[in-house]
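Asker: Here it is: the structure, laid out below.
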Amino acid sequence: MPEESKTCFSYDVIREGEDTVLSINMERCTFPPSLEDSPQCMARTIDLLSEISGVTKIVFLQKRDYEYDYNQTMLLVEIANIYKQLTKERLGYGVLSDQTSLRESMTRYTEMQNIIFRMLKEDPIGAYVTLERIRRREEMIARKTPIPAQLANAQRYINALNRVLALMDKIKLITVAKPYLPGHKVGDRSVYRRVFNPSIKPDFMFTKLMATYPPEAEELDSYNVGDTEVTIFELPETIQYLYHILPPEFKLDEDEYSILDSARKIMAEHKPKRSEFIDPERMREVFVNVGTDLIEELASYKKSRLKPSTVDELTKILVRYTVGFGLIEVLLEDEKIQDVTINAPMGQIPMFVIHQEFDECMTNIIPTVSEAESWASKLRMISGRPLDEANPILDTELALPGARTRVAVIAPPLNPYGLAYALRRHRDKPWTFPLFIKARYLNQLASGILSFLVDGNRTMLVAGTRSAGKTSLLGSILVEIMRKYRIITIEDTLELPTTSLRKLGYNIQPMKVASALTKGSAEVSAEEGIRTTLRLGDSSLIVGEVRSTEAKSLYEAMRVGALANVVAGTIHGDSPYGVYDRVVNDLQVPRTSFKATDIIVVANPVRSADGLHRWRRVTQISEVRKHWEEDPLAEGGFVDLMKYDSATDDLQPTDDLINGDSEILKSIAGRVKEWAGNWDAVWDNITLRSDVKKTLVDMTEKIKRPDLLEAEFSILCNDYFHRISEQVREEVGSLDSKRIMYEWTNWLKRELKRRTKAGGPKA
């Protein structure tokens, strides 16, 4: 390699797990670090590959890291092997000619040398096309040549061309390119852009990103999340969608990259302590202030004039890649993302997401080993829980700007290939019944029944499979509890929206207990946590998820708190009997204790007939009757109040509900003077609550104010519903549903008019 090439094309061979990485420093090169765009870059890379064996990955360093994965690297390795073989065979002057036609022989010799020693490395597709065209030319000449010596000379050249073409026909790059070769102009590199697509990583990042759009993919949707461009593609030859992001860190100019990289190196010297991670929000504030000063100072030193908005953007990116979680934060800012999964081995597999509209999608983000280890260290400090060989599972929660998420991590030896992550995104704001009605998760009648049950202080279990929305539904039930009552929540991973509800005026006390998966932790067990709540005074008890031996304590709380306060929790189970089987047979709760359960709400994903689409729905609301002895299923212990109908994609009331054959609802009515023995009055109140929820949805949709379906305004609507109900009862002596609905609707109209004028929601 020439001296100039050595200085601008210095390289290292690095071992990363099973990969052999050819890392090429191109900081001093004047041509771009791009195999698809630069003939010089491709030629010099093939030179190196012809000298170095076993390379499985190529990385160019020039402000950013440009990485070509194994499949793309192998395309060039094949070219390098052909180059080595042809240079050894020496298709020289003597092979291509004899002494009868020196001028023609010299022309052919020069032509072949140029193709093998220059063009094959710079533009192998162009070399192949050129060889094919030369062969056709020589075959035409041979057919017209009457002189035996010239014919032999031409045939010798044709044989050499056939030899090289036969070698090139076997390589994958030519196979892939062949559909695009008719009419190909030598030097046109558009074909390479279809084949080579590097992942790009700025110096200050660990995560790699496939920044370019996939060729031949169909764009299905695009939108912005803050400063990040999101595009959804349907990929050819697969049923999988691609969730493609282009965050602001990939759109900075060179000066901004340089400043950001210098700032990261300085900030990296500070190693956050466990005490700092106790309050991540406060820690971010400190780092934002430090980062802002640092970026301004570096910009001044480098004589770069940055706008205040640019400084803010660079600071946000800097904090994201120092004390934050990199591109995970960018993904979780998207409210349409429900889950993020990151599988091992790192650096080889992209992240995957579950999207609200497009279900499971592959992303263009590829995390690296160093990034995964950095996340693990931060999660250990944030949670205070171990993650090592003795404890290869970590279950915790994470509060990020714009999102709350539950994080599950598995490590060796449980995961033989390294670290893997699963993140479940929770809304910043609690879900509400009106939001669920709009999303068709449940309907207005179901919301009325659940609202009636909450005010009736019944015991409830929200059941379902994974990703069914159990915790979200439980959070919406919290919103239905009147603010004047105290609530205690118990969770091993904080997922319920307790912080948001506290800010909205709730008297709520969260408790965090040890995870059932954690060993050797100093945290209090869930079982002991539930028993403790019985000594904390009169409160509604909400259990994040019933997993293990705490089930016995929960049922103890249900029996003690029966008819006094709401007791509710989530549990895995796809039907009422599935819940019974889990509680009694798996968790060893006595059958008689299980009767303390009043209502089981089942939520499950439903799929389209083609299997490509999935929606979350409440599929069943059932009551648990108390007369059975051995088997509630066989003895009629489960009575459905509502059941999902796939034909209408909706919950439908059962005959038992319509006819008033519900022991739980009648039991609630028996404690209210106006309702005792009067099913029509009970049904009237349930439909009133249903109409209130639906009216709120309809009226906010009419004025295009979806923000008024959020918890802040929904809670205010609930408060006024109860206040107006009390006023009507005092005035007319009964809960007159028509009068309540009339008064409440008038209040809602006035409030919506006031808020529309003010231009924003106010509580």
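The values are calculated or read from the model by the stated rules, or taken from the named source; none is laboratory data. Given the structure is predicted, the values throughout are model-derived calculations rather than measurements. Every residue, glycine as well, gets a Cβ built from its backbone with ideal geometry; the counts of neighbours run over all protein chains shown. Just so you know, the surface numbers come from the protein's heavy atoms only, side chains and all, with ligands and any DNA or RNA stripped out. Shrake-Rupley method; radii C 1.70, N 1.55, O 1.52, S 1.80 Å.
Asker: How much accessible surface area, in Å² rounded to 10, belongs to the heavy atoms of Leu131 with a 1.4 Å probe?
Answerer: Roughly 0 Å² of Leu131 is accessible to a 1.4 Å probe.
Asker: Follow-up. Helix 369-383: angle to the longest alpha-carbon principal axis of the chain, degrees 0 to 90, nearest 10?
Answerer: 20 degrees
Asker: Given the -39500 (n - 2.57) contribution per DSSP H run of 4+ residues, what per-residue ellipticity at 222 nm results for the chain, rounded to the nearest 500 deg cm²/dmol?
Answerer: Computed ellipticity for the chain at 222 nm equals -13500 deg cm²/dmol.
Asker: Rounded if a/c is under 1.5, else prolate if a/b beats b/c, else oblate: with a ≥ b ≥ c from the C-alpha gyration tensor eigenvalues square-rooted, which is segment 107-148?
Answerer: oblate
Asker: Something else: Scan (i) 1.15; (ii) 1.25; (iii) 0.96 for the value of Cα Rg over 2.2 N^0.38 Å calculated from this model and give just the label.
Answerer: Working out Cα Rg over 2.2 N^0.38 Å from the coordinates points to (ii).
Asker: To the nearest 10 square angstrom, what accessible area does Glu139 show with a 1.4 Å probe?
Answerer: 70 Å²
Asker: Label segment 272-393 by shape, choosing from rounded, prolate and oblate, from the square roots a ≥ b ≥ c of the eigenvalues of the Cα gyration tensor; if a/c is under 1.5 it is rounded, and otherwise prolate applies when a/b is larger than b/c, oblate when it is not.
Answerer: Oblate.
Asker: For Glu373 and Asn746, what does the FRET efficiency come to when R0 = 51 Å and r is the distance between their Cβ atoms, rounded to the nearest 0.05?
Answerer: E(calc), rounded to 0.05, equals 0.25.
Asker: Also: So if we plug the beta-carbon distance of Gln356 and Glu701 into 1/(1 + (r/R0)^6) with R0 = 22 Å, what FRET efficiency do we get, rounded to 0.05?
Answerer: 0.75
Asker: Amide H to amide H, which residues 5 or more places from Thr459 or on other chains are under 5 Å from it, using H placed in the peptide plane?
Answerer: Distant-sequence amide H within range of Thr459: Val567, Asp598, Ile599.
Asker: If DNA, RNA and ligands are ignored and the probe is 1.4 Å, what is the ranking of Lys178, Lys185 by accessible area, most exposed first?
Answerer: Lys185, Lys178
Asker: Could you order Arg466, Arg385, Arg380 by accessible surface area, starting with the largest, using a probe radius of 1.4 Å?
Answerer: The ordering from most to least exposed comes out as Arg466, Arg380, Arg385.
Asker: Another question, if that's okay. What is the helix-to-structure angle for 737-758, meaning the angle in degrees between its Cα long axis and the longest Cα principal axis of the chain, kept from 0 to 90 and rounded to the nearest 10?
Answerer: 40 degrees
Asker: If every alpha-carbon in segment 681-729 counts as one equal scatterer, what log10 I(q)/I(0) does Debye give at q = 0.16, 0.30, 0.33 1/Å?
Answerer: The calculated log intensity ratios at q = 0.16, 0.30, 0.33 Å⁻¹ are -0.50, -1.14, -1.19.
Asker: Continuing with this model, one more query. How high is the relative contact order of segment 303-397? Use alpha-carbon pairs under 8 Å, at least six apart in sequence, and give a whole percent.
Answerer: Here the relative contact order equals 15 percent.
Asker: Ignoring ligands, DNA and RNA, what percent of the accessible area of the chain is carbon or sulfur (1.4 Å)?
Answerer: 50 percent
Asker: Could I ask something else about it? Which percent, to the nearest 5, of DSSP beta bridges fully inside the chain are antiparallel?
Answerer: Antiparallel bridges make up about 70 percent of those DSSP assigns within the chain.
Asker: At Asn415 and Arg133, where each label point lies 7 Å from the Cα along Cα→Cβ, what is the point-to-point distance in nanometres?
Answerer: 5.2 nm
Asker: Now a separate question. How would you rank 311-317, 409-415, 598-604, highest first, on the average number of other Cβ atoms within 10 Å across their residues?
Answerer: Result, highest mean first: 598-604, 311-317, 409-415.
Asker: Report Thr175's accessible area, 1.4 Å probe, all protein chains in place, as a number in Å² to the nearest 10.
Answerer: My reading of the accessible area for Thr175 is about 80 Å².
Asker: OK, next. Roughly what % of DSSP beta bridges within segment 211-251 run antiparallel, to the nearest 5?
Answerer: Given both bridge residues lie in segment 211-251, the antiparallel proportion sits at roughly 100 percent.
Asker: At a threshold of 8 angstrom on Cα-Cα distance, excluding pairs fewer than six apart, so keeping six or more, what relative contact order does the chain reach in percent?
Answerer: After rounding, I find 7 percent.
Asker: Right, another one. Just to confirm, what accessible area per residue do you get for segment 618-707 at 1.4 Å probe, in whole Å²?
Answerer: 48 Å²
Asker: Using a 1.4 angstrom probe with every protein chain in place, what is the largest-first accessible-area order of Ser38, Ser10?
Answerer: Final ranking, largest accessible area leading: Ser10, Ser38.
Asker: Let me make sure I get this right: for segment 641-763, a, b and c are the square roots of the gyration tensor eigenvalues over alpha carbons, sorted descending. Under 1.5 in a/c it's rounded, otherwise prolate if a/b > b/c, else oblate. Which is it?
Answerer: oblate
Asker: In addition: Among all cysteines in the chain, which have no other cysteine Cβ under 4.7 Å from their own Cβ?
Answerer: Cys with no partner Cβ under 4.7 Å: Cys41, Cys361, Cys717.
Asker: While we're looking at this one, here's another question. Enter the accessible area per residue of segment 275-402 (Å², integer; probe 1.4 Å; all protein chains in place).
Answerer: On a per-residue basis, segment 275-402 sits at 44 Å².
Asker: What's the angle, to the nearest 10 degrees (0 to 90), between helix 39-51's Cα axis and the longest principal axis of the chain?
Answerer: The helix 39-51 is inclined about 80 degrees to the chain.
Asker: Okay, moving on. Could you sort the peptides 297-307, 696-706 by per-residue average Cβ neighbour count (10 Å cutoff), highest mean leading?
Answerer: So the order, starting with the most tightly packed, is 696-706, 297-307.
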